[in-house]
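This report concerns only the one structure given below.
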Amino acid sequence: MLKALVLGGATGLLGQALVSVLRQSGAWQVETLGRKDFAIFEQEALATYLQQQKPDVIFNTIAYTQVDDAEDHAEQALNVNASFPAMLSRLLCKTSCFLVHYSTDFVFGRDSQTLPLTEEDQPNPESIYGKTKLAGEEHIFRILPQQAAILRTAWLFGPGKKNFISTILQHARQKKHLTIVADQCGCPTYTLDLARWSAIVATKRAHGLFHAVNAGQASWFQFAAKAIEIANIDCLVEPITSDQWPQKAKRPKYSVLSTEKLQKLLGNTCQIRPWEQALTEYLTK
């Protein structure tokens, strides 16, 4: 049985999904560690903990994800998204432990793009969040080139914690009319699916960079409208432009990620399903 340590696994949206999937598989012994119960950013304390626990795989879901807030708290975002992954990598480089780390579609910018982005496409982040996440990627691959997998993902939804879909449905039940941005296009991703792919990546110790999102693409407007339709809520949803909903951090206009590389690794036994199918499962289970 492999031993997994899920950083952020007790309270995080993705962390909780990872814990659930790994434990249900019966192939993993799972421990969690987070900021609320441990001085996780203190190198000596973390080093001692890892020496005692000796995990086979660490899944790092800890991140500074408040995208707009990061514009005003760049140092905090840098510490969590870049400095911490670097420290963790240094602690693991003399061990056999494999690291699975999560990054974001925000490493791409607002360039004119019409084809899904591959792992070979050049990042061009325009937000503090995106820049710090890209820096985290670079640190990991510099320190642990053969011992880490980075999964870039996007638009997470799933059980256990507030997310875009739960927020939209709450508003839809309270109001008869919503306006949602329709000119940003990306890939909704179900946390339980991402957790299943992550387990396979970890079991195979498949090092490198992978794009990990559900199949298909959507605008935020389409994503929200589909959820309201599935939930059968009487609410009119209308599209607006990004200019009509100004936000502090610049968002990619098109950040659809190609999952061809990940699908080859997963093989025929685990197909990456459309986001609509995953969303239906999430809302009807």
Checklist entry - Scanning for something at pLDDT 95 or above, buried (at least 22 other Cβ atoms within 10 Å of the Cβ) and hydroxyl-bearing (Ser, Thr, Tyr), does the stretch 150-163 turn up at least one residue? => result yes
Checklist entry - Which members of the stretch 50-96 meet the condition of being in a helix (DSSP H, G or I), surrounded by 18 or more Cβ atoms within 10 Å (Cβ to Cβ) and not hydrophobic (A, V, I, L, M, F, W, C)? => result ASN81, PRO85, SER89
Checklist entry - Any idea which of (1) in contact (Cβ under 8 Å) with a residue 24 or more places away in the chain; (2) surrounded by 18 or more Cβ atoms within 10 Å (Cβ to Cβ); (3) of a type outside the set (Phe, Trp, Tyr) is the one VAL19 doesn't satisfy? => result (1)
Next on the checklist: Among (1) of a type in the set (D, E, K, R); (2) out of contact with any helix residue (DSSP H, G or I) (no Cβ under 8 Å at 6 or more places or on another chain); (3) surrounded by fewer than 16 Cβ atoms within 10 Å (Cβ to Cβ), there is one condition LYS3 misses while meeting the rest; what is its number?
Outcome noted: (2)
Checklist entry - Which residue, of ALA63, ALA39, is among the aliphatic types (A, V, I, L, M), at pLDDT below 95 and closer than 24 Å to GLN16 by Cα? => result ALA39
Next on the checklist: If ASN124 meets every condition in (1) under 23 Å from SER255 (Cα atoms); (2) buried (at least 16 other Cβ atoms within 10 Å of the Cβ) apart from one, which number is that one?
Outcome noted: (2)
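Residues are listed down the side, and each one gets a yes or a no for (1) surrounded by 15 or more Cβ atoms within 10 Å (Cβ to Cβ); (2) over 26 Å from LYS175 (Cβ atoms):
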{"position": "THR191", "(1), (2)": "yes, yes"}
{"position": "ALA218", "(1), (2)": "yes, no"}
{"position": "ALA231", "(1), (2)": "yes, no"}
{"position": "LYS250", "(1), (2)": "yes, yes"}
{"position": "VAL256", "(1), (2)": "yes, yes"}
{"position": "GLU260", "(1), (2)": "no, yes"}
{"position": "GLY267", "(1), (2)": "no, yes"}
Checklist entry - Looking only at the stretch 19-36, which residues are under 20 Å from ALA86 (Cα atoms) and at pLDDT below 95? => result GLY34, ARG35
Item to check | Scan of the stretch 141-176 for residues that are of a type in the set (Gly, Ala, Ser) and free of Cβ contacts under 8 Å to residues at least 12 places away in the same chain, ordered by number | outcome: SER166
Checklist entry - closer than 27 Å to PHE157 by Cβ and assigned to a strand (DSSP E or B), is that true of ALA4? => result yes
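The values are calculated or read from the model by the stated rules, or taken from the named source; none is laboratory data. Because the structure is predicted, anything quoted here is derived from the model rather than measured. Virtual Cβ from ideal backbone geometry, glycine too; neighbours counted across all protein chains shown.
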